[in-house]
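Enquirer: I have a structure here, written as structure tokens, and I will follow up with some questions on it.
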Amino acid sequence: MSTAVQARKAAAVRHSAPVRHSGLVRITHWLTFLSFAALLITGGEIVISHPRFYWGETGNVNMRPLFVIPIPSSRDTVPTGYHYVMPDQNGWSRYLHFQSAWVLVFTALVYGIAGLLNGHFRRNLIPERGDWNWRAYWARIAQYLRRAPPSRAESASYNVLQRSAYLLVIFVLFPLIIWTGLALSPAFDSAVPAAVNLLGGRQSARTLHFFLSIALVLFLAVHVAMVALSGFRSRMRAMITGRTSTMEERP
Amino acid sequence: MKSISRRALITRGITTGLAATAGVSGLAVAARMAKRYGLIPPDSCGPYGPGETLTYAAQRLLTAHSMAREFPRSMISKSPFANEVAPPTDAFRRLQAGGFANWRLTVDGLVAHPTAFSLADIHALGRSSQITEVACEEGWSYIAEWIGTPLSAVLREAGLLPQARYLVYFSIDHYWWDSLDMADAHHPQTLLTWGMNDGDLPVPFGGPLRMRVPRQLGYKNIKYLVHLTATDSIKRFGKGLGSASPEGGYAWYAGI
């Protein structure tokens, strides 16, 4: 076989390789990643100006905290026990935090509406009928613990654990972190008081916002670890170009 | 190889061109409308301008007539936090020694009758109280009863002119200054505060006179007010960003 024919065959195979992620999923995935990274960094910067958390409506340095993060603060009014005040980065952090939040919300709207209309949620994220039981979950967990390779069907789709994790992040954690964030806006609360009252008050909303960000960071850590375990390069290629080359698929 | 007919190519070109024109003119119309209805904040330039403009425009539409949450008396904080303030200036100490009898709030700019109000003059213009929460951008908060005179009463007395678009306000050291749009300047909960929890407003909390804007964060609530000026052009003040806050990196609009 001449090299020209081989090259053409390879190209044909590449083109016929199944699309793992649609263009919409890829674009919204990376926009979400960028805005989440910016929100996480700037959120951390904002937290160090008052690394104390409270429950209820009010809380300040004269009141008992629910818990304290044992780090120095960027304000000298916070009694941290350290004789060191970190540089204050709240100004640009707040500007970037809210700008990134807008990007995240618009991205979520596009992804959510498109996912409902084109069947992405139904097809790829809602667990398959046969998996609606604990046995299916335990079978998956056992498979992960044995580090058994996935079946062919599974490498082209998501298993029940992956689907449940993605559904939890997309329909529970992200909506809740947006809600608790909005509840910290005094202007928004004036229009929609229930937004903060239902959460038990301003300081409760702030504390929940923090816990939700920790939950999302935990998801990110597991997500990246699993991507690394299942082949970082091919998974990254799939999320960037949409395709996995057939050569790399398991037999 | 797939060939594209000339007609398809032309059709596609025209469609793309029309879509681009519609997009650009749509944006231009949106920008003009936003300007007309006052949806663009003074700090709308720079890398964070788009986010800030979206936030401000959304809040202006959403919170046109909304009222900040008020709380029952039982929720007033037993240990409010005053935050630190710069050491008082000599001018402040002299006025404090005289029991603030000579404290004046100068109101000028786009008003029919520029006036220097004493604290007694302001008291005589009306009394209003609210139990609202002060929330600092750092994350802490407290609830207090705030007693004062609605800013709108003082503006009415001075004869605010209709072309005024911003109300700029200054602290005694003139280092701290800020501004409100007319929606917040006329809002019934925006108070020139002189009392707190049934007593005089303590000096650490901004006494004798503090701006109280409960629909925005704490840093909008400037302490030791001595000067209000109404203007149609915010660009003339400081770096033209609306307040000292954007000059220090913080957003002008603090309702979030």
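The values are calculated or read from the model by the stated rules, or taken from the named source; none is laboratory data. Just so you know, these numbers come straight off a predicted model, no measurement behind them. Don't worry about glycine lacking a Cβ; one is built from the backbone with ideal geometry, like all the others, and counts go over all protein chains shown.
Enquirer: Considering only residues that are within 9 Å of chain B (Cβ to nearest Cβ) and polar (S, T, N, Q), look in the range A:67-85 and name the one that is surrounded by the fewest Cβ atoms within 10 Å (Cβ to Cβ).
Expert: A:THR77
Enquirer: Which count do you get for residues in the range B:218-256 that are within 12 Å of the chain's Cα centre (by Cα) and facing another protein chain (nearest Cβ under 9 Å)?
Expert: 6
Enquirer: Could you check how many residues of the range B:185-200 are surrounded by 21 or more Cβ atoms within 10 Å (Cβ to Cβ) and over 14 Å from B:THR132 (Cβ atoms)?
Expert: Counting residues in the range B:185-200 that are surrounded by 21 or more Cβ atoms within 10 Å (Cβ to Cβ) and over 14 Å from B:THR132 (Cβ atoms) gives 3.
Here's the yes/no breakdown for (1) in contact with a Lys or Arg (Cβ under 9 Å, 6 or more places away or on another chain); (2) surrounded by fewer than 16 Cβ atoms within 10 Å (Cβ to Cβ); (3) in a helix (DSSP H, G or I):
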{"position": "A:GLU45", "(1), (2), (3)": "yes, no, yes"}
{"position": "A:SER49", "(1), (2), (3)": "yes, no, no"}
{"position": "A:TRP92", "(1), (2), (3)": "no, yes, yes"}
{"position": "A:LEU109", "(1), (2), (3)": "no, yes, yes"}
{"position": "A:ARG122", "(1), (2), (3)": "no, yes, yes"}
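Enquirer: OK, next. Taking interchain pairs and intrachain pairs at least six residues apart, which have beta carbon atoms under 6 angstrom, with the first residue in the range B:61-86 and within 18 Å of B:TRP140 (Cα to Cα) and in contact (Cβ under 8 Å) with a residue 24 or more places away in the chain and the second in a helix (DSSP H, G or I) and among the hydrophobic types (A, V, I, L, M, F, W, C)?
Expert: B:ALA82/B:PHE205
Conditions (1) closer than 23 Å to B:GLU138 by Cα; (2) assigned to a loop (DSSP other than H, G, I, E, B), marked per residue:
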residue: A:SER164; (1), (2): no, no
residue: A:VAL169; (1), (2): no, no
residue: A:LEU199; (1), (2): yes, yes
residue: A:ARG206; (1), (2): yes, no
residue: A:SER213; (1), (2): yes, no
residue: A:PHE219; (1), (2): no, no
residue: A:ARG233; (1), (2): no, no
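Enquirer: Can you give me the number of residues within the range B:151-172 that are under 19 Å from B:LEU119 (Cβ atoms) and either touching a residue at least 60 places away in the same chain (Cβ under 8 Å) or out of contact with any Gly (no Cβ under 8 Å at 6 or more places or on another chain) (or both)?
Expert: 11
Enquirer: Given (1) within 12 Å of chain B (Cβ to nearest Cβ); (2) modelled with pLDDT of 95 or more; (3) within 27 Å of A:ALA37 (Cβ to Cβ), identify the lone condition not met by A:ASP88.
Expert: (2)
Enquirer: Additional query: Report yes if some residue within the range B:91-107 is under 22 Å from the mean Cα position of the chain (by Cα), at pLDDT 95 or above, assigned to a loop (DSSP other than H, G, I, E, B) and under 25 Å from B:ASP181 (Cα atoms); otherwise report no.
Expert: Looking for residues that are under 22 Å from the mean Cα position of the chain (by Cα), at pLDDT 95 or above, assigned to a loop (DSSP other than H, G, I, E, B) and under 25 Å from B:ASP181 (Cα atoms), one finds none in the range B:91-107, hence no.
Enquirer: Of everything in the range B:63-90 that's at pLDDT 95 or above and assigned to a helix (DSSP H, G or I), which residue is farthest from the other protein chains (Cβ to nearest Cβ)?
Expert: B:ARG73
For every residue, the table says whether it meets (1) within 14 Å of chain B (Cβ to nearest Cβ); (2) at positive phi.
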{"position": "A:GLY56", "(1), (2)": "yes, yes"}
{"position": "A:ASN62", "(1), (2)": "yes, no"}
{"position": "A:PRO65", "(1), (2)": "yes, no"}
{"position": "A:SER93", "(1), (2)": "yes, no"}
{"position": "A:TRP138", "(1), (2)": "no, no"}
{"position": "A:LEU168", "(1), (2)": "no, no"}
